Amino acid sequence: MLKIRIAALSAAAVLIGSGAATVGTAAHAEASPKCHVWEQNTTRFSGWCDGHGPASYRATITCRHGGAHQGARVWQGDRRGSTAWCEKNDRVANKWQFRTG
């Protein structure tokens, strides 16, 4: 007999600012992954998040003139990471974050 288990996924964001990570949830996330920042400057944000698939994460930033930009979505635990950046001659306005879900 084959049993299939279906789990509901909820979305969460790990916000990076002032050197501390905080977590905001869209629904009640069971556990938020610890995320590791490789680079955070005026034009780029990148890193990776602990965990296991099928949950995923992606780097996200908001640029002054170009709006929100997102890096590649990858499985939690994938240390290749995700990078978001602003276009040439644009700078990050705020919201360096990893969006998970």
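Looking at Ser32, is it at pLDDT below 85, over 10 Å from the mean Cα position of the chain (by Cα), part of a loop (DSSP other than H, G, I, E, B) and surrounded by 19 or more Cβ atoms within 10 Å (Cβ to Cβ)?
When the stated conditions are applied, Ser32 passes them.
For segment 73-83: of the residues being open to solvent by 30 Å² or more (accessible area, probe 1.4 Å) and in contact with a Ser or Thr (Cβ under 9 Å, 6 or more places away or on another chain), which is farthest from Phe98 (Cα to Cα)?
Trp75
Looking only at segment 50-72, decide whether some residue is within 14 Å of Gln97 (Cβ to Cβ), modelled with pLDDT of 90 or more and in a loop (DSSP other than H, G, I, E, B).
Yes, because at least one residue in segment 50-72 is within 14 Å of Gln97 (Cβ to Cβ), modelled with pLDDT of 90 or more and in a loop (DSSP other than H, G, I, E, B).
Return the residue satisfying two criteria in turn: it lies in segment 84-101 and is surrounded by fewer than 18 Cβ atoms within 10 Å (Cβ to Cβ) and of a type in the set (S, T, N, Q), and of such residues it is nearest to Gln40 (Cα to Cα).
By that ranking, first place goes to Asn94.
Within the set of pairs 6+ apart or on separate chains, which have a first residue in segment 43-55 that is hydroxyl-bearing (Ser, Thr, Tyr), a second that is assigned to a loop (DSSP other than H, G, I, E, B), and C-beta atoms under 6 Å apart?
Pairs that qualify, where the first residue is hydroxyl-bearing (Ser, Thr, Tyr) and the partner is assigned to a loop (DSSP other than H, G, I, E, B), are Thr43/Cys86; Ser46/Gly81.
Looking at the structure I just gave you, is Gly47 open to solvent by less than 40 Å² (accessible area, probe 1.4 Å), in contact with a His (Cβ under 7 Å, 6 or more places away or on another chain) and at pLDDT 95 or above?
Criteria met by Gly47.
The values are calculated or read from the model by the stated rules, or taken from the named source; none is laboratory data. Since we're looking at a predicted model, the values are computed, not measured. Positions of Cβ are generated from backbone atoms using ideal geometry, with glycine treated the same way; all protein chains shown enter the neighbour counts. Ligands, DNA and RNA are excluded from the accessible area calculation, which covers all protein heavy atoms including side chains. Shrake-Rupley method; radii C 1.70, N 1.55, O 1.52, S 1.80 Å.
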